[in-house]
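The values are calculated or read from the model by the stated rules, or taken from the named source; none is laboratory data. These numbers come from a predicted model, not from an experiment. Cβ placement follows ideal geometry from the backbone for every residue including glycine, while neighbour counts extend to all protein chains displayed. In case anyone asks, the SASA skips ligands and DNA or RNA and just uses the protein heavy atoms, side chains included. Shrake-Rupley method; radii C 1.70, N 1.55, O 1.52, S 1.80 Å.
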Amino acid sequence: MEADMSIISTGQFRPNHAANPAIGTPGQLEYVEEDRVELIVDYSEENKGLKKTIRELKKKLLMTSSNLRISEHVRDASRKAEYSPKSIDFVRETKIKLPHSAKANSVASRNSYSFVIEGQAAAPYKACSFRVATTPRKMLLPAASVLSLLSSFYVVKACSDGHAHTHQPSRRSSLATVPPVPKAPLEWGDINIIHTTDTHGWLLGHQHSSWPEPNYNGTLGDFASFVEGMRKLAKKKGKDLLLVDSGDIHDGTGLTDADPNSVDGHHVLKFFQDLQYNVMTVGNHEMYKRDIAIDMNVHFAKPLAPNRHFVTSNAYINGTGSNNASMPVGELYAKFTTDNGRKVTALGILFTKFQTDSGLYHQDISTMISEKWFQDAIADKPDLFLLAGHMPLANYPGGQEEDEWDKVVAAIHRVHDSTPIAILGGHSHIRDCRRPNEYSMALQSGRYMETVGWMSIKLGSVEGKYRPGFTRRYLDPNRVTYEYHTSTNPDTFVTAQGKKFDQDLNALATQFDLGQKYGRAPKDYTLTQANATSEGSVYHLYVNEAMPAVLKTNRSNPTINFINGGSLRFDVYSGDFTKNDQIVAMNYADPFQAVYDVPFRYAAKVVPYLNEHPKPTSTSSKRDTERVDEVFGRWLEAQSESSVADEDDAEDHVLGYVTEDKCGPKGSGDDVVHTPVKYFATPPFVGSTPSITDDDTKVDIVFLNVSRPHVIRALNAIQTSKKYSDGDVHDHTQTLSNEVLGLYATKKWN
């Protein structure tokens, strides 16, 4: 058997407002085909173990660049005579297409292939040439050394400065790796639901090219085009399609957090209005500040159209109704009729294990279902009860969320025992599904626009008994996914609304200066794909490199720096590090404090003690990040640790989520087959590791102000020579926690 392996540095890219070089139109998907290097390998019986060797080769090649896509397929045996058996040849195919007036001149030879970009659009490249070079080499596999082949493969960018040297690719301008095609069409029912939750401002997509980020590079404009395409398909099929969001629009990126002159998230609400969600509800991030809840009320409380509702059944604003009474943030419930005449009753439910703003409150579920309005709402039988809730589907650490959902389901089914119930949950950031009973399904659709959920409901009888049929799917939000499921192509997919969304969102990003470049990160620093104490961790970067470089004072003592696990919210990827990247990575503006002149023998034991004796931080009930991180971390860990039945198959899939839920076999709900991402748990506290050998050395312990009581607790437990108190804690610097990475990048990454 003969096979080939293609390495393609190619595909699609979407320039944004920060793109440099500025090739293409910001916000629009550009198509560029670059170099193609084809490996021809004999898969004969004589080459036992060849498959494993090729798999290792693919891994090594992927390490040379983040812009490689590798595929493998069987070649017709009749072509075997064209190539030397048991050998590798390199076949070069030149296909260079650049937008605007740029053009490429190519030169091919036996030993190398190069091209030079010319023209007005290529001016930012400064007449640089790019060369992919290979040394022709016949090799026996697997006996030949894979590394000797890898040593012959490299990429050189030769610039007008007269030097030939390697450069890190610009993430903002390089070609994004193309995501995989979905495994199968969606299954349609009589009523179908597209679901989003916990978007947290990720409306311009994930813009970096390190996997698994390309899975989620679709923008809200792409999503708008997808929704419009699916609505057209639903109409053509004679099916109903509903669009539902389960809250937490706010807090997470510069689009929601960077405007100092408006209520947080104010400018993004219009996009959710224009998407015409059938049902929306609030999340805890809409209930931390009264002005945000009021802003949501003003925009969404009144029905935007007969079938467009903002429903908050147990979330209230104090003192804004008649006679200074409390009023719901949105509607208590909604009833509407679908395009095909089916009746829907919708409720919006918020979990209650968090601290709201003093001007807001949430009602517990047991009290809510005993209210007269609730009994009136469920009295009439619809075709579907739709429960949009910002509440996890499974019991949460310290909570009973699964039980709370079941209370609502039971209350409804006591009145209408076989009416279908669709539950759309959120908050814990995972993909999840369960079946409370045979007449209901509960779906949760991830976080950060990394998942678009799909639920279909068939209404009808099975063997003479009324029993609805449910299916679910977790979609990766990107153009490949969207075009596949709408049966469109790059020329027909984008709608006028989708294009306008991206233009307006990019304009908003420009207004907030989110593309301001602080520097270029030399590599990826991740939250959970590396041990927190290793150099590939963003925590290690923050406490060992950034804090010492940025938090300068007039003190001469060495420092031990630490922060709370969960303080950092997202990865830092190689390439341009911008204002938006800084907000995404650390969006808490906490001041730094310190305890000075602590003997190293005691100071070195503080972080280990706290990790052995953890207690929730003072902001735990307010932000609720610890419980979200715990659930999300356990979910990732289960994927990372799970055994892969076919290791060979796993190597052919890109990194991404591999979902195990209660609605089907593992991975069956994922729209694309992935290989799980490696996971390393983050300890409660992460500290720096200074090079100090003398135990008597006086050091300063530097930490976030929320950790003050824990530091005092630890020091008093570790030693008895001094009783530490609040009086020993000092304000260390005026720099806030959300400024550190930007200042560090400016100082070190330029």
(message) Looking at the range 409-448 only, could you name the residues that are closer than 17 Å to PRO392 by Cα, outside any strand (DSSP E or B) and open to solvent by less than 10 Å² (accessible area, probe 1.4 Å)?
(response) VAL409, GLY426, HIS427, SER428, GLY446
(message) Which count do you get for residues in the range 492-544 that are farther than 21 Å from THR689 by Cα and among the hydroxyl-bearing types (Ser, Thr, Tyr)?
(response) 4
(request) Name, by its number, the condition in (1) assigned to a loop (DSSP other than H, G, I, E, B); (2) within 19 Å of THR197 (Cβ to Cβ); (3) in contact with a strand residue (DSSP E or B) (Cβ under 7 Å, 6 or more places away or on another chain); (4) not aliphatic (A, V, I, L, M) that does not hold for GLY348. (result) (1)
(request) Please go through the range 374-390 and pick out each residue that is open to solvent by less than 40 Å² (accessible area, probe 1.4 Å) and more than 27 Å from the chain's Cα centre (by Cα). (result) PHE374, ALA377, ILE378, PRO382, LEU384, PHE385
(message) Just to be sure before I move on: is ASP406 open to solvent by 10 Å² or more (accessible area, probe 1.4 Å) and more than 23 Å from THR196 (Cβ to Cβ) in the structure I sent?
(response) yes
(request) Scan the helices (runs of 4 or more DSSP H) fully inside the range 640-750 and keep the ones with 2 or more residues being surrounded by fewer than 13 Cβ atoms within 10 Å (Cβ to Cβ). (result) 647-651
(request) Kindly indicate which of THR352, THR337 is in contact with an Asp or Glu (Cβ under 6 Å, 6 or more places away or on another chain), of a type in the set (S, T, N, Q) and open to solvent by 10 Å² or more (accessible area, probe 1.4 Å). (result) THR352
(request) Those residues that are of a type outside the set (Asp, Glu), over 16 Å from THR486 (Cβ atoms) and out of contact with any helix residue (DSSP H, G or I) (no Cβ under 7 Å at 6 or more places or on another chain), I need them from the range 204-226; list them, please. (result) GLN207, HIS208, SER209, SER210, TRP211, PRO212, PRO214, ASN215, TYR216, ASN217
(message) Restricting to the range 355-373, count the residues that are open to solvent by less than 60 Å² (accessible area, probe 1.4 Å) and either in a helix (DSSP H, G or I) or among the basic types (Lys, Arg) (or both).
(response) 6
(message) With the condition being more than 28 Å from VAL227 (Cβ to Cβ), I'd like the helices (runs of 4 or more DSSP H) fully within the range 489-598 carrying at least 2 qualifying residues.
(response) 547-550, 579-585
(request) Mind listing just one residue for me: the one in the range 291-310 that is modelled with pLDDT of 90 or more and under 10 Å from ASN278 (Cα atoms) and, of those, surrounded by the fewest Cβ atoms within 10 Å (Cβ to Cβ)? (result) ARG308
(request) Please enumerate the residues belonging to the range 662-677 that are over 16 Å from TRP454 (Cβ atoms) and in contact with a strand residue (DSSP E or B) (Cβ under 9 Å, 6 or more places away or on another chain). (result) LYS662, HIS674, THR675, PRO676, VAL677
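This table checks each residue for (1) farther than 22 Å from GLU213 by Cα; (2) touching a Leu at 6+ places or on another chain (Cβ under 9 Å); (3) among the β-branched types (Val, Ile, Thr).
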{"position": "THR528", "(1), (2), (3)": "no, yes, yes"}
{"position": "GLY536", "(1), (2), (3)": "no, no, no"}
{"position": "LEU541", "(1), (2), (3)": "no, yes, no"}
{"position": "ALA549", "(1), (2), (3)": "yes, yes, no"}
{"position": "LYS552", "(1), (2), (3)": "yes, no, no"}
{"position": "ARG555", "(1), (2), (3)": "yes, no, no"}
{"position": "ILE563", "(1), (2), (3)": "yes, yes, yes"}
{"position": "ASP571", "(1), (2), (3)": "no, yes, no"}
{"position": "SER574", "(1), (2), (3)": "no, no, no"}
(request) Restrict the check to the range 449-458 and report whether at least one residue is surrounded by fewer than 20 Cβ atoms within 10 Å (Cβ to Cβ), in contact (Cβ under 8 Å) with a residue 12 or more places away in the chain, more than 14 Å from CYS663 (Cβ to Cβ) and in contact with a strand residue (DSSP E or B) (Cβ under 7 Å, 6 or more places away or on another chain). (result) yes
(message) Can you list residue pairs whose Cβ atoms sit under 7 Å apart, with the first residue in the range 495-507 being open to solvent by 40 Å² or more (accessible area, probe 1.4 Å) and the second being in a loop (DSSP other than H, G, I, E, B) and of a type outside the set (A, V, I, L, M, F, W, C)? Count only pairs 6 or more apart in sequence or on different chains.
(response) GLN503/GLY27
(message) Take the residues in the range 527-574 that are buried (at least 24 other Cβ atoms within 10 Å of the Cβ) and of a type in the set (Val, Ile, Thr); name whichever of them is farthest from the chain's Cα centre (by Cα).
(response) ILE560
(request) Evaluate the following for ALA224: is it at pLDDT 95 or above and either under 17 Å from the mean Cα position of the chain (by Cα) or not β-branched (Val, Ile, Thr) (or both)? (result) yes
(message) Kindly evaluate ASP364 against the criterion of being of a type in the set (Asp, Glu), within 27 Å of LEU220 (Cα to Cα) and out of contact with any Leu (no Cβ under 6 Å at 6 or more places or on another chain).
(response) no
(message) Of all residues being of a type in the set (D, E, K, R), in contact (Cβ under 8 Å) with a residue 40 or more places away in the chain and in a loop (DSSP other than H, G, I, E, B) in the range 463-488, which is most open to solvent (accessible area, probe 1.4 Å)? Just the residue, please.
(response) ARG467
(message) Every residue in the range 599-616 that is touching a strand residue (DSSP E or B) at 6+ places or on another chain (Cβ under 9 Å), open to solvent by 50 Å² or more (accessible area, probe 1.4 Å) and in a loop (DSSP other than H, G, I, E, B), please.
(response) PRO614
